[in-house]
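Working notes, beginning with the structure itself.
What follows draws every value from the coordinates through simple rules; no lab data is involved. In this text the structure is predicted, and so the values were computed from the model without any measurement. Virtual Cβ from ideal backbone geometry, glycine too; neighbours counted across all protein chains shown.
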């Protein structure tokens, strides 16, 4: 079973010390909010970043965290932006 | 190119060339430069810009289209550096061209505000502490 590839940026990446994590999910996937909760439990230092981040599935912003994330998907964690 | 994420230096002259055109009486260009701010870790020497490339490029295109539609901008430039940018260098260039100045100013303002708030870019400061002069060794001087 292919995992979800979790991609982390900026403060989220710094919180766990790496830019990607392969996360196993069942064949039917899981709601994004469950994935976020599981990540918070596995990486407590990620909590502050998760509270203020936007989430993307396969480069599309998720507006509803009940949407499912499944095997082979990319799930990106975007802390507040700081360009300019 | 109208939208660009680049690891190479950005040029104001190149942006102006991109914006110039017949009948375009108002060209507004904004550039952001890296400041040598003081921080707890010392003086900023550079910023390192991190990007999530695909959504960032898509977002830049959306901002461009919106500026054209909302302000009637004939030509638009949105360029941003990625990677390491040293103090004094340009980190971002946005510009808009129009027949008249008011919509050109409004469009340029819109572009930079949208880039800062909605494009997945992040910066990390690289700072260095000023070196202290070495302490004299042995006797402190004539008595």
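Along the Cα→Cβ direction, 7 angstrom out, place labels at residue A:1 and residue B:35. What is the inter-label distance in nm?
Label at residue A:1, label at residue B:35, 5.1 nm between them.
Going by how many other Cβ atoms sit within 10 Å of their own, how do A:33, B:123 line up, fewest first?
A:33, B:123
Once R0 is set to 30 Å, what does the formula 1/(1 + (r/R0)^6) return for the Cβ-Cβ distance between residue A:74 and residue B:16, expressed as a FRET efficiency to the nearest 0.05?
It comes to 0.20.
Where does the protein assembly as shown land on Rg/Rh, using Cα atoms and the Kirkwood Rh?
My calculation of the ratio gives 1.12.
Given the DSSP H assignment, sum -39500 (n - 2.57) over each helix run of at least 4 residues in chain B and divide by its residue total; what's the result at 222 nm in deg cm²/dmol, nearest 500?
For chain B, the value works out to -10500 deg cm²/dmol.
Mind checking the alpha-carbon convex hull of chain A and giving the volume per residue in Å³?
In chain A, the Cα convex hull volume per residue is 88 Å³.
Label residue A:37 and residue B:70 with points 7 Å out from Cα along Cα→Cβ: what is the distance between them in nm?
If labels sit at residue A:37 and residue B:70, their model points lie 3.7 nm apart.
Taking each residue of A:55-61 in turn, how many C-beta atoms of other protein chains fall within 10 Å of its C-beta, and what is the average?
Mean shielding count: 3.
Over the Cα atoms of chain B, how large are the radius of gyration and the largest Cα-Cα distance (Dmax), in Å?
Just the Cα atoms of chain B yield Rg and Dmax of 20.5, 79 Å.
Roughly what % antiparallel, to the nearest 5, for the DSSP beta bridges in chain A?
Around 75 percent antiparallel, to the nearest 5.
Give the calculated FRET efficiency between residue B:61 and residue B:137 to the nearest 0.05, with a Förster radius of 41 Å applied to their Cβ-Cβ distance.
0.10
Taking a quarter of the surface of the convex hull around the Cα atoms of region B:82-142, what do you get in nm²?
The number I arrive at for region B:82-142 is 8.5 nm².
How many nm separate the modelled label positions at residue B:43 and residue B:8, each set 7 Å beyond the Cα in the direction of the Cβ?
Spacing of the two 7 Å Cα→Cβ label points: 3.1 nm.
Would you work out the relative contact order for chain B, in percent, from Cα pairs under 8 angstrom that are 6 or more residues apart?
The normalised contact order for chain B reaches 36 percent.
Counting only helical runs of four or more DSSP H residues, what would the 222 nm mean residue ellipticity of chain A come to if each run contributes -39,500 (n - 2.57) and the total is spread over all its residues?
-7500 deg cm²/dmol
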